[in-house]
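My structure is below; once you've seen it, I'll send some questions.
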Amino acid sequence: LTLPAPVGSAPDPGLKLEKDSAVTVDTFLEEYDPSAREKMKQGFADNGLRQIVARGWTTPDGTRTRVYLLRFHGSGFADTFTGCGIDLNGVKGMEPDSAWEQARTQPAPDPSGISVLRESVPFGDEQTRVGCVQSGDVQALILQNRKGGAGAVPLHQAVILQRQLLS
């Protein structure tokens with residue numbers, strides 16, 4: 001149920017995939033600041049994380065996307081995931097993406113269980129945008145980075161499509 005890579009994109013060679021697109025907890029935690037990793041790892045052990053799968057790609061405009069699906073033992077355990085935009089590696093601060101609400105011109109999916117964030121200005125060479133979607137026992141984390149600034153529309157599309165796949 002992981003969002004497929006768009007036509008014309010290249011697979012992300014830096015994403016360490018195991019068999020069947022699985023990633024280890026340690027690989028997933030590379031997305032987070034080193035100071036947060038041990039606590040998150042313990043939280044996964046305590047809160048019923050069963051598996052993480054991923055897919056990653058880079059589009060011709062340089063936008064790098066990674067989609068992680070974290071599957072827990074039940075929806076109550078998925079509620080415990082607090083890593084949506086918090087303590088990301090190299091990101092100083094995140095804020096709600098105001099364009100998410102403003103850009104809706106058609107009926108959007110049920111907004112419950114969806115968070116869309118962007119890295120606060122000023123950011124370094126790259127900007128990070130994050131989308132989180134919870135559906136039942138699965139928590140999706142979508143990360144997009146792009147030099148000079150990540151566009152809102154590609155992340156919004158990814159969030160909507162991933163939500164549809166999980167619903």
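Inside segment 105-126, can you point out the residues that are more than 14 Å from the chain's Cα centre (by Cα) and either exposed (fewer than 12 other Cβ atoms within 10 Å of the Cβ) or modelled with pLDDT of 90 or more (or both)?
Correct list: THR105, GLN106, PRO107, ASP110, SER112, SER120, VAL121, PRO122, PHE123, GLY124, ASP125, GLU126.
Continuing with the same structure: Only residues that are part of a loop (DSSP other than H, G, I, E, B) and closer than 14 Å to ARG64 by Cα: list them for segment 8-30, please.
Correct list: GLY8, SER9, ASP12, PRO13, GLY14, LEU15.
Just to verify a result, which residue in segment 73-104, among those that are within 16 Å of the chain's Cα centre (by Cα) and outside any loop (DSSP other than H, G, I, E, B), is modelled with the lowest pLDDT?
Out of the qualifying residues, it is TRP100.
Then there is this: Scan segment 1-51 for residues that are under 14 Å from the mean Cα position of the chain (by Cα) and acidic (Asp, Glu) and jot them down.
GLU30, GLU31
Return the pairs, sorted by first residue and then second, in which the second residue is open to solvent by less than 30 Å² (accessible area, probe 1.4 Å) and not basic (Lys, Arg), the first residue lies in segment 115-130 and is assigned to a loop (DSSP other than H, G, I, E, B), the beta carbons are less than 6 Å apart, and the residues are 6+ apart or on different chains.
So the pair list comes out as SER120/GLY93.
Inspect all residues belonging to segment 52-65 and state whether any of them is under 17 Å from the mean Cα position of the chain (by Cα) and basic (Lys, Arg).
yes
Considering segment 3-26 alone, what residues qualify as being surrounded by 10 or more Cβ atoms within 10 Å (Cβ to Cβ) and without any contact (Cβ under 8 Å) to a residue 24 or more places away in the chain?
Passing the criteria: LYS16, GLU18, ASP26.
Tell me, which residue of segment 46-72 that is assigned to a strand (DSSP E or B) and in contact with a Phe, Trp or Tyr (Cβ under 7 Å, 6 or more places away or on another chain) is most open to solvent (accessible area, probe 1.4 Å)?
Checking each candidate, the answer is ARG50.
Given the conditions (1) without any contact (Cβ under 8 Å) to a residue 40 or more places away in the chain; (2) open to solvent by 80 Å² or more (accessible area, probe 1.4 Å), and given that GLY43 satisfies all but one, which numbered condition is not satisfied?
(2) is the only condition that GLY43 fails.
Same structure again: Identify, please: which residue in segment 81-100 is touching a residue at least 24 places away in the same chain (Cβ under 8 Å) and open to solvent by 60 Å² or more (accessible area, probe 1.4 Å) and is, among those, nearest to VAL53 (Cα to Cα)?
THR82
In segment 131-143, what residues are open to solvent by less than 10 Å² (accessible area, probe 1.4 Å) and touching a helix residue (DSSP H, G or I) at 6+ places or on another chain (Cβ under 8 Å)?
Passing the criteria: GLY131, VAL133, ALA140, ILE142.
The values are calculated or read from the model by the stated rules, or taken from the named source; none is laboratory data. Note that the structure is a prediction, hence the values are computed from the model and not measured. Please note: Cβ atoms are built from the backbone with ideal geometry, for glycine as well, and neighbour counts cover all protein chains shown. The protein model used for the area step is the full one, side chains on, heavy atoms only, and it has no ligands, DNA or RNA in it. Shrake-Rupley method; radii C 1.70, N 1.55, O 1.52, S 1.80 Å.
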